[in-house]
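A quick write-up on the structure given underneath.
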Amino acid sequence: MIKLSKCHVGDEELQSIQQVLAAAYLGMGKQVFDFEAEIKAYLGTEKEVICVNSGTAALHLALACLDIGLGDEVIIPTLTFAACFQAVTAVGAKPIACDVREDTLSIDLASANKLLSPKTKAIMPVHYASHVESIETIYDFANAHQLRVIEDAAHAFGSYYKQSLVGCQGDVVCFSFDGIKNITCGEGGAILTSDTKLIERLRDARLLAVEKDYLKRKAGQRSWEFDIVHQGFRYHMSDIMAAIGRSQLRKIEEFRKKRKEIVACYLSELANLPELSFLSLNYEDIMPHIFVVRIANNKRDALRAYLNQHDIEVGIHYKPNHLLSRHKTIYRLETAEKAYEQILTLPLHVGLTQDEQNKVIAKVKEFFHA
Ligand SMILES: Cc1ncc(COP(=O)(O)O)c(C=O)c1O
């Protein structure tokens, strides 16, 4: 089976894990703090980096520490991973599904605008397929309506937006380092912000909100006499996860090159198929996490079955959240609903060989008799 996505780990990660095991400290310690400093240096940002144990935890923690909760609403593009919607309901707030743009499948601000209410407290743009959609316009919109912005950048670690790496700018930016992301920690995530009050809350809240505990852990100590004021969670990153992440970060430029080469090959080889189209993404700037195409004339499911039959795994990113029982809306989101019938994600990962990609391309062309 040609895998849709896969992690790319090797001896470096193994050695890093062995070092952590040898040090016999597996919790949140030096590896995590070093990883945070290395992410900060890699991105070239003044923002603080707070590492947690998943991208979902990052979103949930950000919402909780911004005191978004019962009675509040958060606008989210419906075409995203379930994590966004579940993070919002986890704090007791209501996710408000909005539509996506036809060209990029990122948030449609015209739709968001129609869904604003006095209860709207935040907006959660998703950098779908690693592409950042006109972020200035999103911040203008948020500022005009006094909303916090929580960027879901789970797909976009390593992507550029106007010469700076994603995470350097913005209000609150959340990354995921799960098993198949641009870099992985096994599972993991990070929150970036320069809001000093929020930074303190996040640092404590990821470990049960034990006040200033992270400072103790940084010094290799534990807190015995402490206070807790806010709700906290058991969301801290462990040294094992951080050790894997540090090894991956050292290889990010190699990963970027490979991911971009695969996408460039798809873009040139599949360019002239009348019933297959690409998203209008900024392919030069992105470090692509997924490669999504659109298939016209109701042929997506037949192509999907054909590729599966030939041992090629494909995906659908995503079923719109407003079609799920938990988040069902009484209104339609037509662009996302149409996209959901047409989108197909083709294999993309650092270990994909040229032969494997050639087979994917050949089978797609064969399906279209091209
Ligand atoms: C768009 C998006 N948001 C959030 C997440 C959640 O990240 P994690 O899997 O690390 O919890 C993911 C993970 O796939 C994602 O793709």
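At-a-glance table
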item	result
Angle in degrees between helix 252-269 and the longest Cα principal axis of the chain, rounded to the nearest 10	20 degrees
Inter-centroid distance (Cα atoms) of the range 99-155 relative to the range 167-184, Å	17 Å
Sequence of Ser268, Ser325, Ser223 from largest to smallest accessible area, 1.4 Å probe	Ser325, Ser268, Ser223
Exposure of Ile39 as accessible area (Å², to 10), given a probe of 1.4 Å and all protein chains	0 Å²
Carbon + sulfur, % of accessible area of the chain - ligands and nucleic acids excluded, 1.4 Å	51 percent
On Cα atoms only, tilt of 354-367 relative to the major axis of the chain in degrees	50 degrees
Greater than 32 Å apart at Cα, pairs in Lys119/Lys218; Lys216/Lys257; Lys47/Lys181	Lys119/Lys218; Lys216/Lys257
Max mean-square fluctuation residue, GNM over the chain, Cα-Cα springs under 10 Å, options Ala336, Ala93, Ala302	Ala302
Residue-by-residue Karplus 3J(HN,Hα) for the range 314-331, coefficients 6.51, -1.76, 1.60, Hz, glycine and proline x	10, x, 10, 10, 8, 6, x, 5, 6, 9, 7, 3, 5, 10, 4, 10, 8, 9
Backbone HN-Hα couplings from phi across the range 228-238 [Karplus 6.51/-1.76/1.60, Hz, Gly and Pro as x]	10, 10, 10, 5, x, 9, 9, 10, 5, 7, 9
Residue-level accessible surface for Tyr331, protein heavy atoms, 1.4 Å, Å²	70 Å²
Sequence-distant lysines (8 or more away, or on other chains) whose Cα lies within less than 22 Å of Lys299	Lys3, Lys319, Lys338, Lys359, Lys363, Lys365
Protein-only accessible surface order, largest first, of Phe177, Phe233 at 1.4 Å	Phe233, Phe177
Value at 222 nm in deg cm²/dmol, rounded to 500, when DSSP H runs of n ≥ 4 in the chain each add -39,500 (n - 2.57)	-11500 deg cm²/dmol
Helix 30-43 vs. the chain, principal-axis angle (Cα, 0 to 90°, nearest 10)	50 degrees
Largest to smallest accessible area among Glu337, Glu261, Glu13, Glu356 [probe 1.4 Å]	Glu261, Glu356, Glu337, Glu13
Exposure of Arg222 as accessible area (Å², to 10), given a probe of 1.4 Å and all protein chains	130 Å²
For the chain, with +1 on Lys and Arg beta carbons and -1 on Asp and Glu, the positive-most of Pro125, Gly92, Cys185 along the dipole	Gly92
The chain - convex hull of the alpha-carbon atoms, volume per residue in Å³	135 Å³
Alpha carbon centroid spacing (whole Å) that separates the range 273-306 from the range 29-92	29 Å
Where the chain is the region considered: accessible area per residue in Å², 1.4 Å probe	43 Å²
Sparse-neighbour loop sites [GluC sites (Glu not before Pro); the range 26-75; at most 13 other C-beta within 10 Å; DSSP]	Glu46
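The values are calculated or read from the model by the stated rules, or taken from the named source; none is laboratory data. The structure presented is a predicted model; accordingly, all values stated were derived computationally and were not measured. Neighbour counts are summed over all protein chains in view; Cβ atoms, including those assigned to glycine, are modelled from backbone coordinates with ideal geometry. Calculation scope for accessible area: heavy atoms of the full protein, side chains included, ligands and nucleic acids excluded. Shrake-Rupley method; radii C 1.70, N 1.55, O 1.52, S 1.80 Å.
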